[in-house]
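Bear in mind that the values in this text are calculations on the coordinates, not laboratory data. Since this is a predicted model, take the numbers as computed values, not measurements. For neighbour counting, all protein chains shown are included, and Cβ atoms are generated from backbone atoms with ideal geometry for every residue, glycine included.
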């Protein structure tokens with residue numbers, strides 16, 4: 001079952017809606033294509049992934065079977081030429097799900113300059129996930 005994202009409460013930015021639709025559709029080249037040339041993905045607990053090719057490669061390795069379900073979002077700021085957004089929801093993986101916050105930066109061309117993914121879990125919840133991560 002796919003979890004297509006057609007709208008996100010509080011967000012009317014087509015680039016963000018397209019990001020989640022492509023991510024959940026496992027169309028990782030499309031996801032990477034939404035980034036600026038030197039855009040950055042900041043996954044939890046890992047080094048930043050820089051550039052479209054590296055982002056697509058990372059998602060092919062790490063995101064298969066994951067479903068992102070943003071539940072709400074807001075525009076945080078329009079500092080300089082970059083707009084910043086924060087969205088809250090869940091990431092569902094094959095063996096568990098976790099609450100997540102995504103922060104996005106968009107440039108004037110509506111390209112993603114960065115996505116920062118933060119897990120919103122207690123230390124106890126994260127420790128419970130540890131054995132699952134080691135099985136990969």
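Here are the numbers for this structure:
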{"read-out": "Residue in the range 84-108 that is nearest to the chain's Cα centre (by Cα), counting only those that are in contact (Cβ under 8 Å) with a residue 60 or more places away in the chain and under 21 Å from residue 38 (Cα atoms)", "value": "104"}
{"read-out": "Any hit, the range 8-27, residues being over 20 Å from residue 88 (Cβ atoms) and more than 14 Å from the chain's Cα centre (by Cα)", "value": "no"}
{"read-out": "Options 38, 69, 29; residue that is over 15 Å from residue 105 (Cβ atoms) and free of Cβ contacts under 8 Å to residues at least 40 places away in the same chain", "value": "29"}
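Results for (1) buried (at least 16 other Cβ atoms within 10 Å of the Cβ); (2) farther than 14 Å from residue 114 by Cα; (3) in contact with a strand residue (DSSP E or B) (Cβ under 6 Å, 6 or more places away or on another chain), shown as yes or no for each residue.
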position	(1), (2), (3)
24	yes, yes, yes
38	no, no, no
46	no, yes, no
57	no, yes, no
61	no, yes, no
72	no, yes, yes
91	yes, yes, yes
